[in-house]
Amino acid sequence: MTSDKTKIRNAATVIVVRNKQDKPSVLMGQRGINAAFMPSKFVFPGGAVDNQDLSIDIKKSINEVCKKRLLKENENVPWNALVAAAIRELFEETGQIIGVEQKWPEPPSSWRDFAKTGYVPDASNMSFVFRAITPPGRPRRFDARFFLIQAEELRTNLDDFSMASDELSHLQWIPLKDTKNFDLPFITQVVLAEITGNLMNSGPPAQVPFFQNTTEESLINYISDDEN
């Protein structure tokens, strides 16, 4: 057996659901063909937590149930950094904003463009719905937390991606029933299969699936609210 010493980085991903009552769709984009991680795949917006996310003050906190679950087994990264990374990555990759109107006089450098929009991060309508660790043997490994938010909670035109970076191409709202026709990473398929029943809800799910790939065996456990 060979050991995998690839550093596992904390990461956050956002699943945005549109038209939850009538032909629901999710916001996705395609990674570049030369990307080191998941090239050419259609993915949800997301990325690694950076050091500046650690200092972000979330003006409106995520609900207490989700906060408690984020803290469980995650002593190495605070909940606010995970939420901040999710909001920042969504903005960088799609131009869409999860926030509340407020001036931000001295934002960290990686948040300056977000601050220019006149918003600060707002996690009050987000829910923590999935956690996954990239399997061993990959060139990059992430401990990713997936957050769910309904599209009506965004502060931007849902069809305007003009503020997006070029990290994702072909940004679009894909009907849930059509996602199987796109080139999705395996983990994205797992996420959609596990949480489809929660996509239409605004509150936290009854439990959070945790796809753990810390060994050669892949297991799904569940993060619940038990104290044990």
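Here, each number is a calculation from the coordinates, and none is a lab measurement. This structure is a prediction, so every number in the text was calculated from the model and none was measured. Counting neighbours? That spans all protein chains shown, and the Cβs are built from the backbone with ideal geometry, glycine included.
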Centre separation in Å (Cα based) which lies between the range 133-193 and the range 53-82: 21 Å
By average C-beta atoms within 10 angstrom, highest first, the peptides 159-167, 8-16: 8-16, 159-167
Residues of the range 112-133 with amide N under 14 Å of the 7 Å Cα→Cβ point at Ser55: 112
Size of the chain as Cα extents on the principal axes (Å, biggest first): 53, 39, 35
Sparsely packed trypsin sites (Lys or Arg not before Pro) within the range 101-132, loop by DSSP, other Cβ within 10 Å at most 10: Lys103
Local electrostatic count, Cys66, Cβ distance below 12 Å [Lys/Arg +1, Asp/Glu -1]: +4
Sequence ranges 151-157, 83-89, ranked by mean other-Cβ count within 10 angstrom, highest first: 83-89, 151-157
